[in-house]
Amino acid sequence: MPNMSLLMWNIVADENMPLVKELFAEFGGEPTRIKRLSGRCITPKNLYNTDILLVRSITQVNQALLKGSPVRFVGTATIGTDHIDLDYLSQQGIEFSSAPGSNAQGVAEYVLTSIAYWAEKRNIDLSEIKVGIIGAGNVGSRVAKVLESLGIDYLLNDPPLEAAGDSRSFVSLKEINQCDVITCHVPFLASGQYSTYHLIDDAFLEDMPEYALIINSSRGAVLDNVAAYEIKHAGKKIDYTLDVWEGEPKVNLKLMEQSLIATPHIAGYSQEGKTRGTYQLYQALNQWHGLENAISLDELLPQAPKWHWDGNLKGLYQSIKPYYDIEADDHRMRQVGANVEQKFDLLRKTYPQRLEFLDTL
Ligand SMILES: NC(=O)C1=CN([C@@H]2O[C@H](COP(=O)(O)OP(=O)(O)OC[C@H]3O[C@@H](n4cnc5c(N)ncnc54)[C@H](O)[C@@H]3O)[C@@H](O)[C@H]2O)C=CC1
Ligand SMILES: O=C(O)C(=O)[C@H](O)COP(=O)(O)O
């Protein structure tokens, strides 16, 4: 339980998190002090009097950052939590919240658009393909729902959910390996029974059929980036849509050049996804403090024009393009060329407004 006698909360928040002022300028009827910092530059010195720390995926939150600070609440406006030492937070009794599902729709739309683009480029009939979805949580399920609504076939792989008795039908990774499109939606798990480190490795790539597409919008190290480059360099006909990179902000430039679509970790960057991310932290903080939400999510969400599909899979990409131009995202990244490591954060910070176009929520 927080100290209710504390009159003014000190908040440090990532400078790229929207709506922080609107949602956190006042808390429990009292004003707060908010400091905005670049996510990669938050140091222990910045936190000496901080009660609440609000981050995104680029801030490593661990003992090295928090030791000796008064931080009592950590929130990340992201789905992934691999940048947070959850054991340390729990040992220290620090309250924690992430934003599960917040940007799942944005990622699903990124995946659909990638598939549509690939089909147009390679002259592929989408009614004849099978998409293999690895990880059937919030994002993977959303991708499945979108594909189903368009009549595109898919298979699901998720050993943890299967073991837990999820009633959907799952297949092995071996079976996924033979799909025409493989899309990864797993968390980054460095070790353990369900480790996802290099889940897509050289053996997996070797066994895949030619002319397949791999989409990675989960975490960079789920795909062995060196193996991916080498197998294509050696002549295998395979396509990549890559939003995440091993060792970001570093990017394997040769792999970027080979990719059909290359983007700087923006798959989930819809306006709505970012809004939901911050809002979920606001809800969590209110709940922790026993307060009602004074602001509703609906007040903050933009009204976006929705896409109407004519039922023709053949023209899918051209009909999506006015709503989401993934080639423009690819172009922004490619045009910085060899400077991509230096520009990676800037590309993300200055990402143009993107609205969700599918009515599948
Ligand atoms: N590129 C981007 O902008 C974004 C990337 N992400 C990434 O996507 C990941 C997935 O997001 P959600 O679906 O919301 O997470 P989630 O936690 O809802 O689902 C992840 C699923 O992966 C499954 N899984 C775990 N280990 C597995 C393994 N070895 N093989 C197959 N399945 C496994 C889990 O059982 C779970 O069902 C996040 O952890 C994050 O890293 C999420 C949002 C945006
Ligand atoms: O939610 C996640 O997980 C993500 O990967 C985020 O969408 C990444 O965005 P930032 O937190 O790095 O802005």
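Summary of computed values
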quantity: Some residue of the range 205-212 being in a strand (DSSP E or B), more than 15 Å from ligand 2 (Cβ to nearest atom) and either over 17 Å from the mean Cα position of the chain (by Cα) or of a type in the set (S, T, N, Q) (or both); calculated: yes
quantity: Given (1) within 24 Å of SER296 (Cβ to Cβ); (2) more than 16 Å from ligand 2 (Cβ to nearest atom), number of the condition ALA77 does not satisfy; calculated: (2)
quantity: Sole exception among (1) within 11 Å of ligand 1 (Cβ to nearest atom); (2) among the acidic types (Asp, Glu); (3) buried (at least 20 other Cβ atoms within 10 Å of the Cβ) for ASP180, by number; calculated: (1)
quantity: Tabulated pairs, the range 237-249, first among the polar types (S, T, N, Q), second assigned to a loop (DSSP other than H, G, I, E, B), C-beta under 9 angstrom, 6+ apart or interchain; calculated: THR241/SER217; THR241/SER259; THR241/LEU260; THR241/THR263
quantity: Matching residues in the range 31-56 - criterion: being farther than 23 Å from ASN286 by Cβ and assigned to a loop (DSSP other than H, G, I, E, B); calculated: SER38, ILE42, THR43, TYR48
quantity: Long-range neighbours under 7 Å by Cβ, at least six apart or interchain, first residue closer than 15 Å to GLU299 by Cα within the range 10-27, second basic (Lys, Arg) and within 16 Å of ligand 1 (Cβ to nearest atom); calculated: PRO18/LYS274
quantity: Yes/no for GLU175 being touching a residue at least 40 places away in the same chain (Cβ under 8 Å), more than 8 Å from ligand 1 (Cβ to nearest atom), part of a helix (DSSP H, G or I) and surrounded by fewer than 18 Cβ atoms within 10 Å (Cβ to Cβ); calculated: yes
quantity: Cross-chain or 6+ apart pairs with Cβ under 9 Å, the range 264-279 first and touching a residue at least 24 places away in the same chain (Cβ under 8 Å) and on the phi > 0 side of the Ramachandran plot, then in a helix (DSSP H, G or I) and near ligand 1 (Cβ under 10 Å from one of its atoms); calculated: HIS265/GLY220; HIS265/ARG348
quantity: Count - residues of the range 243-257 that are closer than 24 Å to ARG122 by Cα and surrounded by fewer than 18 Cβ atoms within 10 Å (Cβ to Cβ); calculated: 3
quantity: Single condition VAL131 does not satisfy, out of (1) in contact with a strand residue (DSSP E or B) (Cβ under 7 Å, 6 or more places away or on another chain); (2) within 16 Å of ligand 2 (Cβ to nearest atom); calculated: (2)
quantity: Long-range neighbours under 9 Å by Cβ, at least six apart or interchain, first residue under 18 Å from GLU128 (Cβ atoms) within the range 289-317, second in a loop (DSSP other than H, G, I, E, B); calculated: GLY311/GLY151; LEU313/ASP125; LEU313/GLY151; LEU313/ILE152; LYS314/ASP125; LEU316/TRP309
quantity: Contacts under 7 angstrom Cβ, first residue in the range 120-149 being of a type in the set (D, E, K, R), partner in a helix (DSSP H, G or I) and within 16 Å of ligand 2 (Cβ to nearest atom), 6 or more apart; calculated: ARG142/ALA104; ARG142/GLN105; ARG142/ALA108
quantity: Index of the failed condition, LEU346 passing every other in (1) loosely packed, with under 12 Cβ neighbours inside 10 Å; (2) without any contact (Cβ under 8 Å) to a residue 12 or more places away in the chain; calculated: (1)
quantity: Residues located in the range 259-290, provided they are loosely packed, with under 14 Cβ neighbours inside 10 Å and either touching a Phe, Trp or Tyr at 6+ places or on another chain (Cβ under 8 Å) or assigned to a helix (DSSP H, G or I) (or both); calculated: GLN287
quantity: Given (1) crowded, with 16+ Cβ neighbours inside 10 Å; (2) in contact with a helix residue (DSSP H, G or I) (Cβ under 9 Å, 6 or more places away or on another chain); (3) more than 30 Å from LEU355 (Cα to Cα), number of the condition GLY68 does not satisfy; calculated: (1)
quantity: Lone qualifier among GLU272, GLU299, GLU327, GLU257 - being at pLDDT 95 or above, within 16 Å of ligand 1 (Cβ to nearest atom) and of a type outside the set (A, V, I, L, M, F, W, C); calculated: GLU272
quantity: Residue under evaluation PHE357, criteria (1) free of Cβ contacts under 8 Å to residues at least 60 places away in the same chain; (2) assigned to a loop (DSSP other than H, G, I, E, B), criterion not met; calculated: (1)
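The values are calculated or read from the model by the stated rules, or taken from the named source; none is laboratory data. Model, not experiment: these values are computed from the prediction. Neighbour counts run over all protein chains shown; Cβ positions are idealised from the backbone, glycine included.
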